[in-house]
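The values are calculated or read from the model by the stated rules, or taken from the named source; none is laboratory data. In this text, all values refer to a predicted model and were calculated from it rather than measured experimentally. Cβ sites come from the backbone with ideal geometry, for glycine too, and all protein chains shown count toward neighbours.
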Amino acid sequence: MHREIQSWYSPTLQRNMEIVEYGHFGPAILLLPTAAADYLEYERFLLLDAIEPFISSGKVKVYSINSINNESWLNSRIDGRTKVVRHNQFNHYVYHEVVPFIKGRTSRDTPIITCGASFGALHAANLFFKNPWGIRGCIAMSGVYDLGTYTKGYWDEDCYWNSPLHFLNDLNDQHHLDMIRSSQHIHIMTGSGDYEDPNGSRYLSGLLHHRGIPHNLDVWGYDIKHDWPTWRAMMPFLLETKF
């Protein structure tokens, strides 16, 4: 399997940011780390091994980037306003640096689909729903989609616009909604076992249904825990059945 690491100094984040590319062809899957982890987390926890046949066959091409959650919501030493500003800077980095990089490595017409587990699921969904022009779908595993879960009581307008369960409910721009509705890849997946919150996925699914947004909700059983074996099972199943 082709694997290549690149990096650049991000003017948005004012730090060096790495990205790893796996494969040669196919729709681009952009992986967002689970919490405060780095761009190699999905590789270390063997998820890339689990989906290697789909990468090597050209069914998908995969990219993975660093999180900066330890500089925003997971940083207890800074105030809430600083955290949400950093969150918005991360969004800007993805939209204006990562997306153009992937387009340059693929083509202008190659769809980019965000993907993440746990906290990465919220980022994956949020990045897509906010910008369905640059990102064409999302795969969200074992997530909750109310940003208030992470803000420790802080809330402002920028938090609202990064919380899919809030802003999707009030989104009235028909062109924006139509772009979301045109996606063929909105996949919400969760287990029901230890440390999972299947209602978080059900709430998002209910809101998408209310807004007339086609999507796939897949709730697995009570033996399916919030852990890497779950995501290593979900991703190959999804790529086999939905791509």
(request) Take the residues in the range 46-87 that are surrounded by fewer than 16 Cβ atoms within 10 Å (Cβ to Cβ) and outside any loop (DSSP other than H, G, I, E, B), then tell me which one is modelled with the lowest pLDDT. (result) ASN70
(request) Look through the range 183-195, keep the residues that are more than 13 Å from TYR145 (Cα to Cα) and touching a residue at least 40 places away in the same chain (Cβ under 8 Å), and return whichever of them is farthest from the chain's Cα centre (by Cα). (result) GLY191
(request) Only residues that are modelled with pLDDT under 95 and closer than 22 Å to PHE119 by Cα: list them for the range 14-45, please. (result) ALA35, ALA36, ALA37
(message) What pairs come out if I take residues in the range 228-243 that are more than 19 Å from PRO33 (Cβ to Cβ) and pair them with residues that are among the basic types (Lys, Arg) whose C-beta lies under 7 Å away, six or more apart or interchain?
(response) LEU239/LYS59; PHE243/LYS59
(message) Out of everything in the range 77-103 that is farther than 23 Å from VAL20 by Cβ and in contact (Cβ under 8 Å) with a residue 24 or more places away in the chain, what residue ends up being farthest from the chain's Cα centre (by Cα)?
(response) ASP79
(message) Can you confirm whether TRP161 is among the hydrophobic types (A, V, I, L, M, F, W, C) and under 18 Å from the mean Cα position of the chain (by Cα)?
(response) yes
(message) Filter the range 12-45 down to the residues that are assigned to a strand (DSSP E or B), more than 21 Å from ASN88 (Cβ to Cβ) and not charged (D, E, K, R) and list them by number.
(response) VAL20, TYR22, ALA28, ILE29
(request) Mind listing just one residue for me: the one in the range 24-54 that is within 20 Å of ARG136 (Cα to Cα) and of a type in the set (Gly, Ala, Ser) and, of those, nearest to the chain's Cα centre (by Cα)? (result) ALA28
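Being buried (at least 21 other Cβ atoms within 10 Å of the Cβ) and over 19 Å from ILE19 (Cβ atoms): is that true of GLY143 here?
Yes, satisfied.
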(message) Quick test of your reading of the structure: THR110 fulfils all but one of (1) part of a loop (DSSP other than H, G, I, E, B); (2) out of contact with any Pro (no Cβ under 9 Å at 6 or more places or on another chain); (3) under 27 Å from SER64 (Cβ atoms). Name the failing condition by number.
(response) (2)
(request) Select from the range 178-206 the residues that are within 14 Å of ASN126 (Cα to Cα) and of a type in the set (A, V, I, L, M) and write down the one among them that is surrounded by the most Cβ atoms within 10 Å (Cβ to Cβ). (result) LEU204
(request) Filter the range 55-76 down to residues that are more than 14 Å from the chain's Cα centre (by Cα) and either closer than 14 Å to GLU21 by Cα or of a type in the set (S, T, N, Q) (or both), then give me how many there are. (result) 10
(request) Assess whether TYR154 counts as being in contact with a Gly (Cβ under 7 Å, 6 or more places away or on another chain) and over 29 Å from LYS61 (Cβ atoms). (result) yes
(message) When the residues of the range 213-243 are narrowed to those that are of a type outside the set (A, V, I, L, M, F, W, C) and in a helix (DSSP H, G or I), which ends up nearest to GLU43 (Cα to Cα)?
(response) ARG232
